[in-house]
Structure formats: structure tokens, C-alpha cells
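First up is the structure itself, then whatever we jot down about it.
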Amino acid sequence: MGSKRKNNTAHARTLKKQKPATFKDLPKEKQLLYKILTIAAAVIVILLIVLYKVDMLPHLDGSLQFRGDKLIGASENDLVINRESGRYGENGRYFIVGNIDQIEGYTPYPELISASDSYRQAFAFKPADAEDTFMSSVVIQGCLMDYEDLIGNILGENSEDSKVVYSEQFDGVSPVKGNVYHGATRTNYERDPETGLYVKFINAYIENGVKNSCVMVQISYKNAYKKEIPSDEQALSDIIEFIDKVNVK
């Protein structure tokens, strides 16, 4: 029994005297392998940092890359929104929410589009032959809220004392593209007290697959006498044609 205790004590002393293995104790082959792996990891980290700085890594949120003063992946007919208010270019976060087909019989009307952010893409048009229609302009753009919030804002503006009269909300599906839309019309009465002219607008918001977003189509009609302004039914017929020019994401 005493002999076993001595052996155990001697074994414990031997364990205490053993030094932990160090890098130098590894075989040269393993040392070389670890050096290569360390260098490779450092190179990968540096490469990722460089790629991040020049915006060449995919964005996890789906926003567009920005390189060389250009948005990568955006075509000239895409509807592009920026989710960073007041921050443009490389500091913005741009998303494609849809695109539009060619619209015949209308000419571009860029004066209606805000120029504060040149990378945001929206479109405005006016009739090529303005004398044949009371339509003044058409605007198609992406929005930073979903249609429910925007419709609520419009309908919420109406009041008994207002000189702006809103229709009831309308909802539908466009006959060609199958776009789901929601909207309302508004007519401004006595816009010009001296002439007694009226002006009419119709807004439609198209659902899309981008979170907290939709596509707006707005038609504005010229100032006209009450008997000349389009009815709500005519305005709805007009806007459906443009809704079917939109391809949503």
C-alpha cells in the first residue's frame, strides 16, 4: 500500500514538471501549415475590408451597390427609392421597387421630379398633344411607405369645411399586368377665386414585394370649369392605363 502511494506521488510530480506544448514544439510541417493559414486569414480580412470600402460586397438588405458615382444594377426605366433621408450617393440606401414600360403619346416632364437626389429614379410625363385632353401630367414613383399609410393620409385630409373633396377609396386589379392598386381622387374647388376654375387629381398606389413601399401613379388635370373636369369614373379609367405600364418587384 505504501509503495503505491509513493508511485502516485512520483507520477504527480512528473506531471507537474511537464511544460505546456508551444508552437516551437510542433513538427515543422504543422508550423508551416499554421503560418500559411494565419497569413491566408489576414489576407482575407484585408480583402474584405477593401471590398467593403469600394462597395463590392453584396448588401444584406438588398440595397443597390454604389461604385464610380453610379448605382450598380439600376436600369434607366427602374423606379428607385432612397431610404436614407437627406443622405445621397454613396451615403444613401437605394432600392429598386419596380420599372415602367415605354409610354407612347406622352413626353418626359422632368421638371416635376425633385432634383435633390439625382440617384433616385422617378418619372413624370405630359401629353404630347395637350390640346386634346384635360390631363396635365402623370407622375410615377416609388414611395417609402406602404399603400395603407398613404391612403390613410389622403382620406384623413378630408373635412366638411375643406374646399377639397375626396372620393371614397377605390381598390382593384389592373386588367393587363394584374397589379393590385388602391387610391382616391380629390377635386379642389374654387382654386382660383377670380376665374372659378377647378382642378382634379387622382392617386393610385400599387402593392409590391418590397417591405414598407409601394409605387404611386398620380394624374393631374388642368384647371377647368366644373362641367369640364373629368368625372371620378373617367379619372379612374385614365389611371388604370398607366397602372398597367408599371412592373412591380
Practice item. Only strands (runs of 3 or more DSSP E) wholly contained in segment 195-249 count here; list those with 3 or more residues that are touching a residue at least 12 places away in the same chain (Cβ under 8 Å) and open to solvent by less than 20 Å² (accessible area, probe 1.4 Å). Key: 197-206, 214-221
**Study point:** First in segment 71-85 and without any contact (Cβ under 8 Å) to a residue 12 or more places away in the chain, second anywhere and open to solvent by 60 Å² or more (accessible area, probe 1.4 Å), Cβ under 6 Å, 6 or more apart
**Key:** GLU84/ARG93
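Results for (1) in a loop (DSSP other than H, G, I, E, B); (2) open to solvent by less than 50 Å² (accessible area, probe 1.4 Å); (3) over 19 Å from CYS214 (Cα atoms); (4) touching a helix residue (DSSP H, G or I) at 6+ places or on another chain (Cβ under 9 Å), shown as yes or no for each residue.
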| site | (1), (2), (3), (4) |
| --- | --- |
| ASP61 | yes, no, no, no |
| LEU79 | no, yes, no, no |
| SER85 | yes, no, no, no |
| GLU90 | no, no, yes, no |
| ILE96 | no, yes, no, no |
| ASN99 | no, yes, no, no |
Review point. Does VAL50 fit the bill of being over 30 Å from GLY98 (Cβ atoms) and either at pLDDT 70 or above or assigned to a loop (DSSP other than H, G, I, E, B) (or both)?
Key: no
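The values are calculated or read from the model by the stated rules, or taken from the named source; none is laboratory data. Predicted, not measured: the structure shown is a model, and the values here were computed from it. Don't worry about glycine lacking a Cβ; one is built from the backbone with ideal geometry, like all the others, and counts go over all protein chains shown. Side chains included, ligands, DNA and RNA excluded: accessible areas come from the protein's heavy atoms. Shrake-Rupley method; radii C 1.70, N 1.55, O 1.52, S 1.80 Å.
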